[in-house]
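Asks: Attaching a single structure in structure tokens format; questions to follow.
The values are calculated or read from the model by the stated rules, or taken from the named source; none is laboratory data. Here the structure is a predicted model, which is why all the values come from computation and not from measurement. Cβ coordinates were reconstructed from backbone atoms using ideal geometry, including for glycine residues, and neighbour counts include every protein chain displayed.
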Amino acid sequence: MRVASLLPSATEIVCALGAQDTLVGVSHECDFPAGVADLPALTRARLKPVTKSRDIDTEVRAVLQDALAVYEIELDRLATARPELIVTQDLCDVCAVSLDDVRAAVAKLARRDDIHIVNLHPMRLGDVWDDIARVAAALARPETGARVVDDLGARVADIQARGAARDGRPRVLSIEWLDPVMIGGMWMPELIALAGGTALVTRPGDHAPTLTREALAALSPDVVLVKPCGFPLERTLDELATLRDALPWNRWAAVRDGRVYAADGNAYFNRPGPRLVESLEILGACVHPEAFPDFQHKHGGSVVRVEADLRCEPW
């Protein structure tokens, strides 16, 4: 089978199912696991090359206001790749090409009747596991899919048990975007609960809301996790000064107590695929560090602790 994946999480799912060798093309943002970035890029961004959070947000809103998708398909490359299966999504037009654009592109291909589209729409953790099973079925690997989901579920259950054994459930605020400030929704409240914390603002399945500084000032988080969607850790650290202006920085106990963490939001948390379990490991070590020293060691290169003066300390 020849498979085209049009978003990073789908690529990670295909590879977790042992089918990396079936990939004939991926999105321009696919970078994990090793080797997939060398495949033909079947999508591209319509955005101007801006780097700051505020500028990116402004550019995305301008593109969407013009009724355009943020990403578009490289039709010639898609035709050359000759996929039999395309894995895409219709959850977020800011995350990948739109489903309508995928269908329109397929309609233009000579072999369009031979192409099967698997559309993912994960809003909660269980949806992600269901999507893995659906992709596995499309790849004719249902047993492999069941094993992968069982393994991920067992790891989640172990982390949940370790977190539940600790006293208290710290209030956790997960920040999805820096400027404007957006709060993590979808599966993030579930991950926080599984890690032994209490999610502030959002509930499972909620879209990420934008909060004003006044609304943020009404919150009292014990732990703050900053992991902007699509930003590697280094890119987030370049904008740390934004936190002091965008958040009620000096009012939060989490800041005074050294419980603000910045993490890799590109590799973890924002991709609804197998590495959500690694994301849960990171969360567990942020919420209950005394319970998860093994995960602190494992993910030390992906997280830093942010001091009140914005200095970054090793996790």
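Asks: Would you mind finding the one in 285, 254, 262 that is within 17 Å of residue 176 (Cβ to Cβ), surrounded by 21 or more Cβ atoms within 10 Å (Cβ to Cβ) and touching a helix residue (DSSP H, G or I) at 6+ places or on another chain (Cβ under 7 Å)? If you could, list the steps in order and put the result at the bottom.
Replies: Numbers: 285 fails: within 17 Å of residue 176 (Cβ to Cβ); 254 fails: touching a helix residue (DSSP H, G or I) at 6+ places or on another chain (Cβ under 7 Å).
Selected residue: 262, the only one of 285, 254, 262 that is within 17 Å of residue 176 (Cβ to Cβ), surrounded by 21 or more Cβ atoms within 10 Å (Cβ to Cβ) and touching a helix residue (DSSP H, G or I) at 6+ places or on another chain (Cβ under 7 Å).
Asks: Continuing with the same structure: May I ask you to say which residue of 149, 128, 118, 135 is touching a Lys or Arg at 6+ places or on another chain (Cβ under 7 Å) and modelled with pLDDT of 95 or more? Lay out the reasoning, then the answer.
Replies: Working: 149 fails: touching a Lys or Arg at 6+ places or on another chain (Cβ under 7 Å); 128 fails: touching a Lys or Arg at 6+ places or on another chain (Cβ under 7 Å); 135 fails: touching a Lys or Arg at 6+ places or on another chain (Cβ under 7 Å).
Unique residue meeting the criteria: 118.
Asks: Across segment 288-310, what is the total count of residues that are within 15 Å of residue 223 (Cβ to Cβ) and crowded, with 16+ Cβ neighbours inside 10 Å?
Replies: Result for segment 288-310: 10.
Asks: Of the residues that sit in segment 105-144 and are under 23 Å from the mean Cα position of the chain (by Cα) and outside any helix (DSSP H, G or I), which one is surrounded by the most Cβ atoms within 10 Å (Cβ to Cβ)?
Replies: If we take residues in segment 105-144 being under 23 Å from the mean Cα position of the chain (by Cα) and outside any helix (DSSP H, G or I), then 120 is surrounded by the most Cβ atoms within 10 Å (Cβ to Cβ).
Asks: Here is a follow-up. State the number of residues belonging to segment 286-300 that are of a type in the set (Asp, Glu) and either assigned to a loop (DSSP other than H, G, I, E, B) or closer than 12 Å to residue 167 by Cβ (or both). Show your work before the answer.
Replies: Our first condition is that a residue be of a type in the set (Asp, Glu); within segment 286-300, this holds for 290, 294.
Adding the requirement that they be either assigned to a loop (DSSP other than H, G, I, E, B) or closer than 12 Å to residue 167 by Cβ (or both) leaves 290.
The number of residues fulfilling the criteria is 1.
Asks: Does residue 239 count as over 23 Å from residue 54 (Cα atoms), surrounded by 15 or more Cβ atoms within 10 Å (Cβ to Cβ) and of a type in the set (D, E, K, R)?
Replies: Values: over 23 Å from residue 54 (Cα atoms): no; surrounded by 15 or more Cβ atoms within 10 Å (Cβ to Cβ): yes; of a type in the set (D, E, K, R): yes.
Considered against the rule, which asks whether it is over 23 Å from residue 54 (Cα atoms), surrounded by 15 or more Cβ atoms within 10 Å (Cβ to Cβ) and of a type in the set (D, E, K, R), residue 239 comes out as no.
Asks: May I pose another question? For segment 74-103, name all the residues that are exposed (fewer than 13 other Cβ atoms within 10 Å of the Cβ) and either within 23 Å of the chain's Cα centre (by Cα) or hydrophobic (A, V, I, L, M, F, W, C) (or both).
Replies: The answer is 100, and nothing else.
Asks: Please count how many residues of segment 204-218 are under 15 Å from residue 176 (Cβ atoms) and aliphatic (A, V, I, L, M).
Replies: Here the count works out to 4.
Asks: Going residue by residue through segment 214-226, is there one that turns out to be crowded, with 24+ Cβ neighbours inside 10 Å, under 30 Å from residue 17 (Cβ atoms) and not assigned by TED's automatic domain parsing to the domain that holds residue 87?
Replies: Yes: one or more hits.
Asks: I need every pair where a residue in segment 18-40 that is in the same structural domain as residue 8 (by TED's automatic domain parsing) and under 12 Å from residue 8 (Cα atoms) has its Cβ under 6 Å from the Cβ of a residue that is among the aliphatic types (A, V, I, L, M) and part of a loop (DSSP other than H, G, I, E, B), sequence separation at least 6 or different chains.
Replies: Every condition considered, the pairs that remain are 25/39; 25/42; 26/39; 27/6; 27/7.
Asks: Hey, another quick one. Can you name the helices (runs of 4 or more DSSP H) wholly within segment 185-271 that have at least 1 residues being more than 19 Å from residue 287 (Cα to Cα)?
Replies: Where helices (runs of 4 or more DSSP H) fall fully within segment 185-271 and carry at least 1 residues being more than 19 Å from residue 287 (Cα to Cα), they are 213-217, 233-237, 241-246.
Asks: Here's something else I'd like to know. Has segment 159-173 got at least one residue that is touching a strand residue (DSSP E or B) at 6+ places or on another chain (Cβ under 7 Å) and free of Cβ contacts under 8 Å to residues at least 60 places away in the same chain? Walk me through how you get there before you give the answer.
Replies: At the first step, the residues of segment 159-173 found to be touching a strand residue (DSSP E or B) at 6+ places or on another chain (Cβ under 7 Å) are 169-173.
Next, from what is left, pick out any that are free of Cβ contacts under 8 Å to residues at least 60 places away in the same chain: 169, 171.
Yes, that holds for at least one residue.
Asks: While we're here: Looking at segment 147-184, which of its residues are under 23 Å from residue 293 (Cβ atoms) and either among the polar types (S, T, N, Q) or part of a loop (DSSP other than H, G, I, E, B) (or both)?
Replies: Residues satisfying the conditions are 160, 165, 166, 167, 168, 169, 170, 174.
Asks: Mind counting the residues in segment 157-189 that are among the acidic types (Asp, Glu), at pLDDT below 95 and either crowded, with 18+ Cβ neighbours inside 10 Å or under 26 Å from residue 249 (Cα atoms) (or both)?
Replies: Taking segment 157-189 as the starting set, the residues that turn out to be among the acidic types (Asp, Glu) are 158, 167, 176, 179.
When the remaining residues are screened for being at pLDDT below 95, the result is 167, 179.
Okay, now just the ones that are also either crowded, with 18+ Cβ neighbours inside 10 Å or under 26 Å from residue 249 (Cα atoms) (or both), so 179.
So the answer is 1.
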